[in-house]
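Comments concern the structure below.
The values are calculated or read from the model by the stated rules, or taken from the named source; none is laboratory data. Only a predicted model underlies this, so the values are computations on that prediction, with no experimental measurement involved. Quick reminder, even Gly has a Cβ in these numbers, built from the backbone with ideal geometry, and neighbours come from all protein chains shown. Only protein heavy atoms, including side chains, enter the accessible area calculation; ligands, DNA and RNA are left aside. Shrake-Rupley method; radii C 1.70, N 1.55, O 1.52, S 1.80 Å.
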Amino acid sequence: MTCTSCTNTVESALQAFPGVQRASVALATEEAEIRYDRRIVAANQLIQAVEETGFEAVLITTGEDRSRIDLKIDGVLNERLIMILESSIQALPGVEDIKVDTELHKITISYKPDQTGPRDLIEVIESATSGDVTASIYPEAEGREHHRYGEINRYKQSFLWSLVFTIPVFLTSMVFMYIPGTKDGLDKKVVNMMSIGELLRWILSTPVQFIIGRKFYTGAYKAMCHGSPNMDVLIALGTNTAYFYSVYSVLRAATSENYMSNDFFETSSMLISFILLGKYLEILAKGKTSEAIAKLMDLAPETATLLIHDHEGNVVGENEIDSRLIQKNDVIKVVPGGKVASDGFVIWGQSHVNESMITGESRPVAKRKGDTVIGGTVNENGVLHVRATFVGSESALAQIVRLVESAQMAKAPVQKFADQISRVFVPLVIVLSVLTWLVWFLAGRFHGYPRSWIPSSMDSFQLALQFGISVMVIACPCALGLATPTAVMVATGVGASQGVLIKGGQALESAHKVDCIVFDKTGTLTIGKPVVVNTRLLKNMVLREFYDYVAAAEDNSEHPLAKAIVEHAKKLHSEENHIWPEARDFISVPGHGVKANISDNILIVGNKSFMLSSSIDIPLEALEILTEEEEKAQTAIIVAMDQEVVGIISVSDPIKPNANDVISYLKSMNVESIMVTGDNWGTANAIGKEVGIEKIIAEAKPEQKAEKVKELQLSGKTVAMVGDGINDSPALVSADVGLAIGAGTDVAIEAADIVLMKSNLEDVVTAIDLSRKTFFRIRMNYVWALGYNIIGIPIAAGVLFPSFRFRLPPWVAGAAMAASSVSVVCWSLLLRYYKSPKTFAN
């Protein structure tokens, strides 16, 4: 695909297909993402639909591939063996479907990863056939990288072959004609007025025009069939005009005794050569835009050490296996300096693991029994035994890659501008080129112009023709089409490498306009791991008994404050896994507290407003304690039993490092900061004062957070919301840009537009700054792409010719056109060197 006209053609063809619900085609990645009904249409029909528009299509993946594997079978396959294989594999638990391709010696198996895996499948195949056949993972020969390298090689070969023919054409028309000896030889007549030089150029340019340039013909033909002329149409028209006029001129000279031929064979062949060179460089450059994904995928190690256990759980051996053969619940050994081969948790050993390549956290993280590890991270010192939990497409690494790929597919709204121009661009250019030729031809025919204006070897018709061809080939919709997607691709890749996952062009475009950020408090401005610092009992009861009641209720809550209370309660018991009393009729009121029946006592745990709404009187002593704790920026949690306040728990949540610097830096970026929290006013004001936030809204329910976001939007602000919990989800969705702290809940991450994987507040600045720099690149791309066409087309049309005798030969115009696309891609590629603001470099 060369321009947005191409993507629109493919998109329209796919969306018109029965059963297709949505189709998105990306120019920069040259990929299509299609949501369709498998009961109505199959993947191979969609491939055929794409190919009918004039483009090649290769299936990368389908939704059902995530639990599917292709196995290569080595050995002689006969009907008996195939029957044995099918029945043996089908007998395995979790196997859903089997397809055997005897020609390719390939077995495709769909399975449930919870019940079986690739290693089990291979073992069954080899044992069922008594070793007659062996199985291994089928090489991904038709993957996207293989296809991209194939395309690069095809353009390179085409360009080199075109040079073989074009260089002699160029020399005979532009160089040898000025060397006396060779000029005489080339001017020697063959038939009537047709010279040797003209005949040679005709012979040499023909393979370039029809064999090497065949791709442009097929692309132009299919584009015209679908009523959507594209870049191929302009190239085919421009080169054909030059070639066939030259053929006419040479044949006329061959049949005349006095007609002097003037051919443009060098124009057609050099045009095709320069365009092929431009496409080759463009594809090379576009390959660089997806380097971030390639680097992420390379993080996974090629091999892993599988531990073999006996029935009693003792290690009795180990095997080195392909990491793609790891199955759920396998135990993997990770040596110092080795990569963790799969997501899982540590069952033995302790070490420090460098997770910077995934989370961006620079310091190694201590790991011991029970701690989770991420596949692709590096073990620093000790030996770890890890039980695999998420493998293959379920792994964190695979999900990050999938998220970045989806982001690169999503179009930014600004892309609509290029789409609208591309719809009329090519037809408009064709009209302009015809008008250019007509104006120059008629001016020369009826009004005349000084003979000194026209090169000695040309007449007015030929001069007009050159201007018309130059207009046709200099016009470039490609640069416009590539302006946005290439920048978005690089930015999402760079963001992912720095721990900022941006979910597409829409999020990037909205983020660069942000002038107001709403922060949640707990887990966002604070570390999110609060600890109990004080307990005040207002009724005579044993402290451990008090905490047993509270922990029994809070154990059902996901809120960080609830977890802190439960952890504190555990410390009051000597046994490791203490069982709390049963909590019945549990009710959670997000942002306020919880209510439950514990041992026939109605327990209510929460803030002041929750107590008042539950018709509980708060004694003066409790109010004094609340005020005192709030002044210390500590959260006071009231505990009431059977409508009577029995105690107050003080919890402190440390503020994140650099929180003050982040708020200060945002202010310098003209971004207003507001804090909205479900916590009490005293604590909220104390935290706000410490981090430098003046506007604060406390004791807010989740729906009130969303209402505040909408209120700010109605006042004309572009609002970003930063949060981490389930109670932040409504506000994250309501905001123009939702930023979820990566260590937060899955619900918050799902609702957000941007995920901050490191859970560092500094990455809020990185996300805004990166989006602004990306859209500066996009704007400059559009300025260049539009400016190039606005300036280039008139020059090609000859506006400078009457005054300065300057004209742009078609082959130079073609070279300029090729260069414009490459320059746009290269300008976007400079984003690869993006650095976060220096304030947070450390």
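Identify, by number, the condition in (1) farther than 30 Å from Val383 by Cα; (2) out of contact with any Lys or Arg (no Cβ under 8 Å at 6 or more places or on another chain) that Glu302 doesn't meet.
That leaves (1) as the condition not met.
Of everything in the range 568-613 that's hydroxyl-bearing (Ser, Thr, Tyr) and within 17 Å of Asp679 (Cα to Cα), which residue is most open to solvent (accessible area, probe 1.4 Å)? Outline the logic, then answer.
The first filter runs over the range 568-613 and keeps only residues hydroxyl-bearing (Ser, Thr, Tyr), leaving 574, 588, 599, 609, 613.
In the following step, the residues that additionally are within 17 Å of Asp679 (Cα to Cα) were identified as 588, 609, 613.
Working: Ser588: 61, Ser609: 32, Ser613: 87 Å².
Filtering first and then ranking leaves Ser613.
Mind checking which pairs have a first residue in the range 797-819 that is under 12 Å from Ile272 (Cα atoms) and a second that is open to solvent by 60 Å² or more (accessible area, probe 1.4 Å), Cβ under 9 Å, 6 or more apart or different chains?
Qualifying pairs under 9 Å: Trp811/Phe170; Trp811/Phe274; Val812/Phe274; Gly814/Phe274; Ala815/Phe274; Met817/Phe274; Ala818/Phe274; Ala818/Leu281.
Any residue in the range 572-591 that is over 30 Å from Asp728 (Cβ atoms) sitting within a Cβ distance under 6 Å of a residue that is among the aliphatic types (A, V, I, L, M)? List the pairs, counting only those 6 or more apart or interchain.
These pairs meet every condition: Pro581/Ala552; Pro581/Ile598.
Condition test on Ser803, is it surrounded by fewer than 18 Cβ atoms within 10 Å (Cβ to Cβ) and under 30 Å from Ser246 (Cβ atoms)?
Values: surrounded by fewer than 18 Cβ atoms within 10 Å (Cβ to Cβ): yes; under 30 Å from Ser246 (Cβ atoms): yes.
Here the answer is yes, as Ser803 does meet what is asked.
Name the single residue that is modelled with the lowest pLDDT among those in the range 523-545 being assigned to a helix (DSSP H, G or I) and open to solvent by less than 20 Å² (accessible area, probe 1.4 Å).
Step one: filter the range 523-545 for residues assigned to a helix (DSSP H, G or I), giving 523-525, 543-545.
After this cut, where a residue has to be open to solvent by less than 20 Å² (accessible area, probe 1.4 Å) as well, the list is 523-525.
Values: Gly523: 78, Thr524: 85, Leu525: 88.
Restricting to residues being assigned to a helix (DSSP H, G or I) and open to solvent by less than 20 Å² (accessible area, probe 1.4 Å), the top hit is Gly523.
Would you be able to say whether some residue in the range 546-561 is more than 20 Å from the chain's Cα centre (by Cα), closer than 30 Å to Val401 by Cβ and open to solvent by 20 Å² or more (accessible area, probe 1.4 Å)?
Here is the first cut: in the range 546-561, the residues more than 20 Å from the chain's Cα centre (by Cα) are 546-561.
Adding the requirement that they be closer than 30 Å to Val401 by Cβ leaves 558, 560.
Filter once more, keeping what is open to solvent by 20 Å² or more (accessible area, probe 1.4 Å): 558, 560.
Looking for residues that are more than 20 Å from the chain's Cα centre (by Cα), closer than 30 Å to Val401 by Cβ and open to solvent by 20 Å² or more (accessible area, probe 1.4 Å), one finds at least one in the range 546-561, hence yes.
Scan the range 395-423 and report the pairs whose first residue is closer than 23 Å to Thr377 by Cα and at pLDDT 75 or above and whose second residue is open to solvent by 40 Å² or more (accessible area, probe 1.4 Å) and assigned to a helix (DSSP H, G or I), with Cβ atoms within less than 8 Å and a gap of 6+ or a chain change.
Leu397/Met297; Ala398/Gly392; Val401/Met297
Considering only the range 556-585, state which residues are at pLDDT 85 or above and over 24 Å from Asp520 (Cβ atoms).
Ala569, Lys570, Lys571, Leu572, His573, Ile579, Trp580, Pro581, Glu582, Ala583, Arg584, Asp585 - these are the residues of the range 556-585 that are at pLDDT 85 or above and over 24 Å from Asp520 (Cβ atoms).
Tell me, which residue of the range 246-277 that is over 30 Å from Thr2 (Cα atoms) and not in a helix (DSSP H, G or I) is most open to solvent (accessible area, probe 1.4 Å)?
Among those residues, the one meeting the criterion is Glu257.
Out of (1) without any contact (Cβ under 8 Å) to a residue 24 or more places away in the chain; (2) surrounded by 18 or more Cβ atoms within 10 Å (Cβ to Cβ); (3) part of a loop (DSSP other than H, G, I, E, B), what's the single condition that is false for Gly375?
(1)
Counting only residues that are more than 20 Å from Ile474 (Cβ to Cβ), of a type in the set (S, T, N, Q) and at pLDDT 85 or above, which one in the range 203-245 is surrounded by the most Cβ atoms within 10 Å (Cβ to Cβ)?
Residue satisfying both the conditions and the ranking: Ser205.
Collect the residues in the range 654-698 that are under 17 Å from Val518 (Cβ atoms) and among the β-branched types (Val, Ile, Thr), keeping them in residue-number order.
Correct list: Val662, Ile663, Val671, Ile674, Val676, Thr677, Ile687, Val691, Ile693, Ile696, Ile697.
In the set Val722, Val639, Val651, Val646, which member is more than 18 Å from His559 (Cβ to Cβ), crowded, with 18+ Cβ neighbours inside 10 Å, of a type outside the set (Asp, Glu) and in contact (Cβ under 8 Å) with a residue 24 or more places away in the chain?
Every option except Val646 fails the conditions.
Sort through Pro336, Pro364 and tell me the only one that's surrounded by fewer than 20 Cβ atoms within 10 Å (Cβ to Cβ), at pLDDT 90 or above and over 22 Å from the mean Cα position of the chain (by Cα).
Working: Pro364 fails: at pLDDT 90 or above.
The unique qualifying residue is Pro336.
Name the pairs whose Cβ atoms lie under 7 Å apart, with the first residue in the range 288-309 and under 23 Å from Ile332 (Cβ atoms), the second modelled with pLDDT of 70 or more and basic (Lys, Arg), and 6 or more positions between them or separate chains?
Close Cβ pairs satisfying both conditions: Pro301/Lys339; Thr305/Lys333; Leu307/Lys333.
From the list Val566, Val533, Val594, which residue is within 28 Å of Asn760 (Cα to Cα), among the hydrophobic types (A, V, I, L, M, F, W, C) and in contact with a helix residue (DSSP H, G or I) (Cβ under 8 Å, 6 or more places away or on another chain)? Quick ask: steps written out before the conclusion?
Values: Val533 fails: in contact with a helix residue (DSSP H, G or I) (Cβ under 8 Å, 6 or more places away or on another chain); Val594 fails: within 28 Å of Asn760 (Cα to Cα).
After ruling out the rest, the residue left standing is Val566.
So which of Ser261, Ser323 ends up being in contact with a helix residue (DSSP H, G or I) (Cβ under 9 Å, 6 or more places away or on another chain) and either among the hydroxyl-bearing types (Ser, Thr, Tyr) or at pLDDT below 85 (or both)? It would help to see each step written out before you state the result.
On the way: Ser323 fails: in contact with a helix residue (DSSP H, G or I) (Cβ under 9 Å, 6 or more places away or on another chain).
Step by step, each of Ser261, Ser323 is checked, and only Ser261 is in contact with a helix residue (DSSP H, G or I) (Cβ under 9 Å, 6 or more places away or on another chain) and either among the hydroxyl-bearing types (Ser, Thr, Tyr) or at pLDDT below 85 (or both).
Taking the range 643-682 on its own, how many of its residues are closer than 25 Å to Lys710 by Cβ and not in a helix (DSSP H, G or I)?
As a first pass, look at the range 643-682 and keep what is closer than 25 Å to Lys710 by Cβ: 662-663, 666-667, 669-681.
Among the residues that remain, those that are also not in a helix (DSSP H, G or I) are: 669-680.
Of the residues in the range 643-682, 12 are closer than 25 Å to Lys710 by Cβ and not in a helix (DSSP H, G or I).
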